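Colleague: Dropping the structure in here first, questions after.
The values are calculated or read from the model by the stated rules, or taken from the named source; none is laboratory data. Just so you know, these numbers come straight off a predicted model, no measurement behind them. Positions of Cβ are generated from backbone atoms using ideal geometry, with glycine treated the same way; all protein chains shown enter the neighbour counts.
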Amino acid sequence: MIQLVAILGAFVASSLSRKHGNLPVLIGINIVWAAICVYGYFVETPLQFYITAGTVGFVMGSIQSLSRSTYSKMIPAGSLDTASFFSFYDVAEKIGIVIGMLLFAVVGELTGSMRGSILFLVSFFVIGVILLLRVPRIAKT
């Protein structure tokens, strides 16, 4: 279900980025992610879980497609070695996953609950918004 909703999220993000630009939409998606984490902290019923899962799928598809698109626009014009740039992107993504999972586990162990870890994820999205606000505006990003 999540993967199917992610496809819809990618299309919506593409449409929004054409209208508002990639960076503002990425900032908005990070804010939605933070809101999902706060909501996830309070999830108790199966219906709430499915609502959360559907929303996660939607923003997962949108942020993945839009972040790759934005990254490709930041590659120097005329560069013939785009494979190296995207190899770096993929390695950085994998390192981020490992660090995120490690911190999720550490916070869960320290707090005794995954709810604390879910709430801790908000800090990653806030940092993401701060970093995106510092990205220089490039042509139609």
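Colleague: Return only the number of the condition from (1) more than 26 Å from residue 12 (Cβ to Cβ); (2) under 16 Å from the mean Cα position of the chain (by Cα); (3) surrounded by 14 or more Cβ atoms within 10 Å (Cβ to Cβ); (4) free of Cβ contacts under 8 Å to residues at least 24 places away in the same chain that residue 89 does not satisfy.
Modeller: (1)
Colleague: Are any of the residues in the range 92-102 under 24 Å from residue 2 (Cα atoms), within 18 Å of the chain's Cα centre (by Cα) and surrounded by 17 or more Cβ atoms within 10 Å (Cβ to Cβ)?
Modeller: no
Colleague: Now for a separate question. Can you say whether residue 138 is at pLDDT below 95, within 26 Å of residue 11 (Cα to Cα) and either loosely packed, with under 11 Cβ neighbours inside 10 Å or of a type in the set (A, V, I, L, M) (or both), as far as the supplied structure shows?
Modeller: The answer is yes for residue 138.
Colleague: Here's another thing I want to ask about it. If you go through the range 34-54 one residue at a time, how many are without any contact (Cβ under 8 Å) to a residue 24 or more places away in the chain and touching a helix residue (DSSP H, G or I) at 6+ places or on another chain (Cβ under 6 Å)?
Modeller: 3
Colleague: Next up: Here are 107, 135: which of them is among the aliphatic types (A, V, I, L, M), within 23 Å of residue 25 (Cα to Cα) and either in contact with a Gly (Cβ under 6 Å, 6 or more places away or on another chain) or touching a residue at least 12 places away in the same chain (Cβ under 8 Å) (or both)?
Modeller: So the residue among 107, 135 that is among the aliphatic types (A, V, I, L, M), within 23 Å of residue 25 (Cα to Cα) and either in contact with a Gly (Cβ under 6 Å, 6 or more places away or on another chain) or touching a residue at least 12 places away in the same chain (Cβ under 8 Å) (or both) is 135.
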